[in-house]
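**Student:** Sending over a structure as C-alpha cells; questions will come in a sec.
The values are calculated or read from the model by the stated rules, or taken from the named source; none is laboratory data. Quick caveat, the model's predicted, so the values are computed rather than measured. Backbone-built Cβ (ideal geometry, glycine too); neighbour counts: all protein chains shown.
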Amino acid sequence: MNSLLPHPKTVLILGFEGCLPSGIVGLVDMFWLANQANAETSPVRAQSNASYAGSAPSLCGTPPVEAAPQFKVITASFNGKALRDGMGRSIAVDAHVLDVTDCDAVLIPGLIRGASGLPSAADLAPVSDWLRLRHQHGNLLAGSCVGVFVLGEAGLLDQRRCTTTWWLHDELTRRYPKAKAEWGAALLEDRGIVSVGGPMSWVDMALHTIRRLGGADAAKRAADFAVIDNTALTQALYAPKRYFNHFNHLNHVNHVDALLVKAEQAVRQAPLEMSATQLAKQLAMSDRTLHRRLTTLTGEAPKAFITRTRLEMAKTLLDSPGASIKRTAQQCGYADEGNFRRAFNRFAGMSPSAYKLWVKERAS
C-alpha cells in the first residue's frame with residue numbers, strides 16, 4: 001500500500017465466551033463495508049471510475065484501485081484462543097486482548113446469557129485493568145446490551161449516563177448504583193464511554209464509532225452502503241407494553257423482582273398522571289403493601305418512585321433529535337406542561353430546554 005496513504009483507525013472487537021456471534025462477525029462486516037464505501041467515493045477511486053464511462057462501481061465489476069482503508073479491525077479474546085459462542089460454535093480471533101497496546105476504539109458486543117444470567121465480576125476481572133488503561137489513553141470504549149456490564153465491572157460507568165437493553169435496566173442500576181442509567185435510551189456517550197441497548201444494537205455501536213473516528217460523512221456512506229438506518233431509535237418503540245409477562249416466559253429477568261418490573265411499566269404506560277393509590281390498584285395491592293414493597297426494593301415511597309420513573313423516561317425521549325417538550329410531557333403522563341417543566345428541573349437540575357442543549361453539546 002502507498003506509504004503516503006492515511007493511517008487507518010484501529011478498532012478492537014473484544015469477545016467473550018458465550019458471545020453473540022452476530023455481534024462479532026457483524027461488526028467486522030460493518031467496518032469492511034465502511035472501508036468499501038469510503039473507497040468508492042475517494043478521489044483516487046473517482047478518478048479511476050471516470051475512465052470507465054458507464055461502468056458500475058468496483059464491487060460490481062470496475063477494476064480495483066488502491067484507496068486508503070479508514071479502519072483496521074482486530075478481534076480479540078482473553079487468551080488469544082478461539083471463542084465458543086452461546087450456541088457452542090467456534091469463532092476464531094486475531095489476538096490476545098492484553099497483547100493489544102495500540103488501538104483507537106474498543107467495542108464489546110453482547111453475550112448470550114447462560115445459567116448465571118450475566119457475566120460475573122470474576123469472569124471480567126482480567127480485562128478491567130486493561131479497559132481502564134485504554135480509557136486513560138483516550139480510546140473510545142463501547143458496549144452493547146450485556147457488553148455494557150463489562151464496562152460497569154471496570155468502574156467506567158460511575159457518574160456517567162448509560163443505557164442497556166430495556167429488560168436489563170433494573171439489573172444495571174442494581175449492580176452499578178453510581179451509574180446514571182437511563183431506561184429505553186438507544187445510545188448514550190458520556191466522556192468517551194458509549195453504551196448501547198439491544199442485542200442487535202451492535203449496528204448502532206458500529207455507526208457511532210465510524211462517526212466518531214471517521215466523521216459524519218463516513219457514517220452516512222457506511223449506512224447507505226449497508227442500507228441501514230443512520231440514527232438509533234429509542235428502545236421504547238420496541239418494549240412490549242406488558243413486557244413483564246414476556247420476561248417470565250423467556251426467563252429474561254429471573255434476577256429482578258417482578259413487582260418492580262410491573263410497577264415501572266405501569267407508570268411508563270399510564271396515559272395520564274398517576275397517583276400512588278392508582279398504582280396500587282393497578283398492581284392489585286393495598287396502598288400500605290405497595291409502600292412497604294417499593295421502599296424495600298428502591299428506598300423510595302410510591303410517589304417518589306412514580307416521579308423518578310416518569311422523568312427518567314422524559315430524559316430518554318428528549319435525547320431524540322427534534323423532540324418536543326410539550327409532546328414529551330404528554331407521553332410521560334403530565335397533562336400540564338408547566339408541572340412537567342418544574343418537576344424536570346428539580347429532577348435533572350436544569351430545564352428541559354437546557355437539557356436538550358446540554359445533550360446536543362456533549363454529542364458534538
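**Student:** Answer yes or no as to whether Ile13 is in contact with a helix residue (DSSP H, G or I) (Cβ under 7 Å, 6 or more places away or on another chain), in the same structural domain as Asp224 (by TED's automatic domain parsing), outside any helix (DSSP H, G or I) and modelled with pLDDT of 80 or more.
**Tutor:** On the way: in contact with a helix residue (DSSP H, G or I) (Cβ under 7 Å, 6 or more places away or on another chain): yes; in the same structural domain as Asp224 (by TED's automatic domain parsing): yes; outside any helix (DSSP H, G or I): yes; modelled with pLDDT of 80 or more: yes.
Criteria met by Ile13.
**Student:** Can you give me the number of residues within region 283-298 that are more than 20 Å from Thr173 (Cβ to Cβ) and in contact with a Pro (Cβ under 9 Å, 6 or more places away or on another chain)?
**Tutor:** Residues in region 283-298 being more than 20 Å from Thr173 (Cβ to Cβ) and in contact with a Pro (Cβ under 9 Å, 6 or more places away or on another chain): 2 in total.
**Student:** Which residue pairs have Cβ atoms under 7 Å apart, sit 6 or more places apart or on different chains, and have a first residue in region 23-43 that is of a type in the set (Phe, Trp, Tyr) and a second that is part of a helix (DSSP H, G or I)?
**Tutor:** The qualifying pairs are Phe31/Ala206.
**Student:** What are the pairs, 6+ residues apart or on separate chains, where a residue within region 1-18 that is more than 18 Å from Leu140 (Cβ to Cβ) has its Cβ under 8 Å from a residue that is among the charged types (D, E, K, R) and modelled with pLDDT under 85?
**Tutor:** Going by the 8 Å Cβ cut-off, the qualifying pairs are Met1/Glu66; Asn2/Glu66; Leu5/Glu66; Phe16/Asp123; Gly18/Arg113.
**Student:** Filter region 329-364 for residues that are touching a Lys or Arg at 6+ places or on another chain (Cβ under 9 Å) and within 23 Å of Ser195 (Cα to Cα); which is surrounded by the fewest Cβ atoms within 10 Å (Cβ to Cβ)?
**Tutor:** Result: Arg362.
**Student:** Quick check on region 169-187: of everything there that is over 17 Å from Pro109 (Cβ atoms) and part of a strand (DSSP E or B), which residue is modelled with the highest pLDDT?
**Tutor:** Of region 169-187, the ones over 17 Å from Pro109 (Cβ atoms) are 169-171, 173-185.
Subset that is part of a strand (DSSP E or B): 179-181.
Details: Ala179: 93, Lys180: 88, Ala181: 88.
Filtering region 169-187 for residues that are over 17 Å from Pro109 (Cβ atoms) and part of a strand (DSSP E or B), the one modelled with the highest pLDDT comes out as Ala179.
**Student:** Among the residues of region 279-311, how many are closer than 29 Å to Met350 by Cβ, modelled with pLDDT of 85 or more and in a helix (DSSP H, G or I)?
**Tutor:** The number of residues fulfilling the criteria is 13.
**Student:** Also: Any residue at all in region 335-342 that's under 26 Å from Arg191 (Cα atoms) and more than 20 Å from the chain's Cα centre (by Cα)? Before the answer, list the steps.
**Tutor:** Let us first name the residues in region 335-342 that are under 26 Å from Arg191 (Cα atoms), namely none.
For region 335-342, residues under 26 Å from Arg191 (Cα atoms) and more than 20 Å from the chain's Cα centre (by Cα): absent.
**Student:** Scan region 169-208 residue by residue and report those that are within 10 Å of the chain's Cα centre (by Cα), of a type in the set (Phe, Trp, Tyr) and surrounded by fewer than 23 Cβ atoms within 10 Å (Cβ to Cβ).
**Tutor:** none
**Student:** Any idea how many residues of region 188-199 are under 10 Å from Gly143 (Cα atoms) and in a loop (DSSP other than H, G, I, E, B)? Talk me through it step by step, then tell me what you get.
**Tutor:** Filtering region 188-199 for residues under 10 Å from Gly143 (Cα atoms) gives 193-197.
Keeping just the survivors that are in a loop (DSSP other than H, G, I, E, B) gives 197.
Going through region 188-199 one residue at a time, the tally reaches 1.
**Student:** Could you go through region 146-168 and let me know if any residue there is over 25 Å from Glu17 (Cα atoms), of a type in the set (Gly, Ala, Ser), surrounded by 24 or more Cβ atoms within 10 Å (Cβ to Cβ) and at pLDDT below 95. I'd like the intermediate steps shown before the answer.
**Tutor:** So the first thing to find is which residues in region 146-168 are over 25 Å from Glu17 (Cα atoms), and the list is 158-161.
Adding the requirement that they be of a type in the set (Gly, Ala, Ser) leaves none.
Checked against the condition, which is being over 25 Å from Glu17 (Cα atoms), of a type in the set (Gly, Ala, Ser), surrounded by 24 or more Cβ atoms within 10 Å (Cβ to Cβ) and at pLDDT below 95, region 146-168 yields no hits at all.
**Student:** Take region 337-354 and flag every residue that is outside any helix (DSSP H, G or I) and closer than 16 Å to Ser324 by Cα. Don't jump to the end; show me each part of the working.
**Tutor:** First, the residues of region 337-354 that are outside any helix (DSSP H, G or I): 349-351.
Scanning region 337-354 gives a single hit, Ser351.
**Student:** From the residues in region 317-328 that are surrounded by fewer than 17 Cβ atoms within 10 Å (Cβ to Cβ) and over 21 Å from Asp190 (Cβ atoms), which one is modelled with the lowest pLDDT? Can you show your working first?
**Tutor:** First, pick out the residues of region 317-328 that are surrounded by fewer than 17 Cβ atoms within 10 Å (Cβ to Cβ): 321-322, 324, 326-327.
Now narrow it down to the ones that are over 21 Å from Asp190 (Cβ atoms): 322, 324, 326-327.
On the way: Gly322: 82, Ser324: 91, Lys326: 93, Arg327: 92.
Among those residues, the one meeting the criterion is Gly322.
**Student:** For residues that are of a type in the set (S, T, N, Q) and buried (at least 18 other Cβ atoms within 10 Å of the Cβ), scanning just region 265-305, find the one that is nearest to Phe340 (Cα to Cα). First the steps, then the outcome.
**Tutor:** First pass over region 265-305, keeping only residues of a type in the set (S, T, N, Q): 265, 269, 275, 277-278, 282, 286, 289, 295-296, 298.
Now drop any that are not buried (at least 18 other Cβ atoms within 10 Å of the Cβ), which leaves 265, 298.
Details: Gln265: 19, Thr298: 23 Å.
If we take residues in region 265-305 being of a type in the set (S, T, N, Q) and buried (at least 18 other Cβ atoms within 10 Å of the Cβ), then Gln265 is nearest to Phe340 (Cα to Cα).
**Student:** Mind telling me which of the residues Ala284, Ala270 ends up being in contact (Cβ under 8 Å) with a residue 12 or more places away in the chain and farther than 23 Å from Ser195 by Cα?
**Tutor:** On the way: Ala284 fails: in contact (Cβ under 8 Å) with a residue 12 or more places away in the chain.
Exactly one of Ala284, Ala270 is in contact (Cβ under 8 Å) with a residue 12 or more places away in the chain and farther than 23 Å from Ser195 by Cα, namely Ala270.
**Student:** Continuing with this model, one more query. Could you check how many residues of region 318-336 are part of a loop (DSSP other than H, G, I, E, B), farther than 15 Å from Arg161 by Cβ, in contact (Cβ under 8 Å) with a residue 12 or more places away in the chain and among the small types (Gly, Ala, Ser)?
**Tutor:** 3
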